[in-house]
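The values are calculated or read from the model by the stated rules, or taken from the named source; none is laboratory data. Fair warning: this is a prediction, and the values are worked out from it, not measured in the lab. No Cβ is skipped: glycine too gets one built from the backbone with ideal geometry, and neighbour counts run over all protein chains shown. With ligands, DNA and RNA removed, areas are computed over all heavy atoms of the protein, side chains included. Shrake-Rupley method; radii C 1.70, N 1.55, O 1.52, S 1.80 Å.
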Amino acid sequence: MTEASRDAVFAVLLATMRPIASMLLRFGVSYRDFDRVSKTAFVEVAASEHGVSGKPANVSRVSLVTGLTRKAVRQIQEQKLQAKLPQLEIRSLPAEVLHVWHTDPRFYKAQGIPNQLQWDSGPNSFSDLVRHCSTTASPAALRAELIRVGAIQESSGGELSANRRSFVPSTLEERLVQGLQYGLRPLAMTVAHNASTDDPGLLRFQRIVWNYCLPKSLRGDMDRLVTKRLE
């Protein structure tokens, strides 16, 4: 990278970081917190992407690539093993429950028109719907959360009806997490991918699409079709 290109990248990065810093400070995330997370990300990527012969990079290699000391790299790796962050969910469970309710024939009376569901009786109850989407989630917790945000309502007879097709977080903290997870994260992944290939045919468009009916074997064909249409 030339000095002029580096300066341009730094200028754009600074402009990009300003709204991120504003957002994080508003929620009480300090620079020390951000620094800790950033160092962990740099160490993880350097270890996984800058190794030799398909093996993870060792401490010395990670230190060389990231500019961190070997002591700092070891500390980050040890801390990560001792206190793992929770696994990132690539989907929003409340959103998926509403989506399946509107699109799975077991739970709708016509495409896009969801049935009223019993709480936990019969083969197509609300509890069955939640268990279809997650084997670990609590149906009672999902019901309470969806009622709280007004996405569903419960009749006096105990039947549950869907008021919305999509799930909109009700708190500022939930919106922050959703914005980072479904906005900044996939956008950053697309930018990183497009900046790492010279083949125009491998470039990606930035879109988020859910479709539970498309087999994984047809994903490549679908990507090429979408790319051709968007061009």
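Here the Karplus curve 6.51 cos²θ - 1.76 cosθ + 1.60, taken at θ = phi - 60°, turns the phi angles of the range 139-155 into couplings of x, 5, 5, 5, 4, 4, 5, 5, 5, 4, 8, x, 7, 9, 9, 10, 7 Hz, with x standing for Gly and Pro. Annotation: per residue accessible area for the chain equals 71 Å², rounded to a whole number [probe 1.4 Å, protein chains only].
Computed about its Cα centre, the charge dipole of the chain is approximately 400 debye, with only Lys, Arg, Asp and Glu carrying charge at their Cβ. Every helix of 4 or more DSSP H residues in the chain counts as -39500 (n - 2.57), and over all residues that averages to -16500 deg cm²/dmol at 222 nm. Overall dimensions of the chain, expressed as equivalent-ellipsoid semi-axes from the Cα gyration tensor (√(5λ), whole Å, largest first), are 41, 23, 19. Each listed q (0.16, 0.19 Å⁻¹) maps to a log10 I(q)/I(0) for the range 4-83 from the Debye sum over equal C-alpha point scatterers, namely -0.76, -0.94. Per-atom-type breakdown for the range 142-203 gives carbon and sulfur 59% of the accessible area (1.4 Å probe, protein chains only).
With the convex hull drawn over the C-alpha atoms of the range 94-231, the volume per residue is 145 Å³. Magnitude of the charge dipole for the range 146-192, about its Cα centre and with charges confined to Cβ atoms of Lys, Arg (+1) and Asp, Glu (-1), is about 180 debye.
Helix 31-49 and the long axis of the chain differ in direction by around 80°, with both axes built from C-alpha atoms.
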